[in-house]
Amino acid sequence: MEFRAEHRYLRVSPQKARLVLDLIKGRRVEEARNTLLFTKKRVAAPVAKLLQSALDNANFLASEKGLDVEIDNLYVKSAIANDGPRMKRIRPAPQGRAYRYQRRIAHIELVLAERGKNGGTVAAAVGEETPAPAKAKRRAPAAKKKAAGKKKTAAK
C-alpha cells in the first residue's frame, strides 16, 4: 500500500528542492524526519511538513479501511520535485534598460510505502506474484546499404 502527499506551488526552484529530496529517498520515515530536522536548507521545513502529512494520510487510511499498517516499517518510496508555472519579473538595468528574470515554482510529491520484515515490500511478503523481468531481445545488426555509385562532379 502506498500513501501520497503533494505540495503544489511551493516558492522554491525545483533544483533546490531536489537537493533535499535526494537526502530522504529510500530512508525510513523516522530517519527522514531527523534528516530534515537538521538540514539547513530553507525548503527542508515544507518538506518535513509534507512528510508529516503523508504519515497522517497513512494513519487515516489505516483506520478508515481497517488496514494493518506498521508506521515503523514505512519508508520514502519516491520524492519528486517538478516544475510549476514560472513568474516573469523585470529588474531595472543600466541606461534605462530592463532585465527579465523568472521566479521558479515547484510541485513536490512524496510517496510512502511499507517495507516487510525481511526488507522487501509488503506485496512481496504477502505472497502476491510479481512478474519476472522480461529478457531483452537482441536484434541482428541492420545490413548496410551499398552506395549506388560515386557522385560525379561537373567538369569545368
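Every test in (1) touching a residue at least 24 places away in the same chain (Cβ under 8 Å); (2) out of contact with any strand residue (DSSP E or B) (no Cβ under 7 Å at 6 or more places or on another chain); (3) part of a loop (DSSP other than H, G, I, E, B) is passed by G26 save one, and that test is (2). Residue count for the range 1-38 under the criterion of being acidic (D, E) and under 26 Å from R104 (Cβ atoms): the result is 2. Does V43 count as surrounded by 12 or more Cβ atoms within 10 Å (Cβ to Cβ), touching a residue at least 12 places away in the same chain (Cβ under 8 Å) and either acidic (D, E) or closer than 24 Å to M1 by Cβ (or both)? In short, no. Only one of the numbered conditions (1) over 25 Å from L19 (Cα atoms); (2) within 24 Å of the chain's Cα centre (by Cα); (3) polar (S, T, N, Q) is violated by T35, and that is (1).
So, L10, is that one under 14 Å from S78 (Cα atoms) and crowded, with 17+ Cβ neighbours inside 10 Å or not? So that I can check it myself, show each step before the final result.
Details: under 14 Å from S78 (Cα atoms): no; crowded, with 17+ Cβ neighbours inside 10 Å: yes.
In short, no.
Only residues that are in contact (Cβ under 8 Å) with a residue 60 or more places away in the chain, aliphatic (A, V, I, L, M) and in a helix (DSSP H, G or I) were counted across the range 1-19, and they come to 1.
Only the coordinates and a few stated rules stand behind these numbers; no lab work does. The model shown is predicted, which means the values in this text are computed figures rather than measured ones. Backbone-built Cβ (ideal geometry, glycine too); neighbour counts: all protein chains shown.
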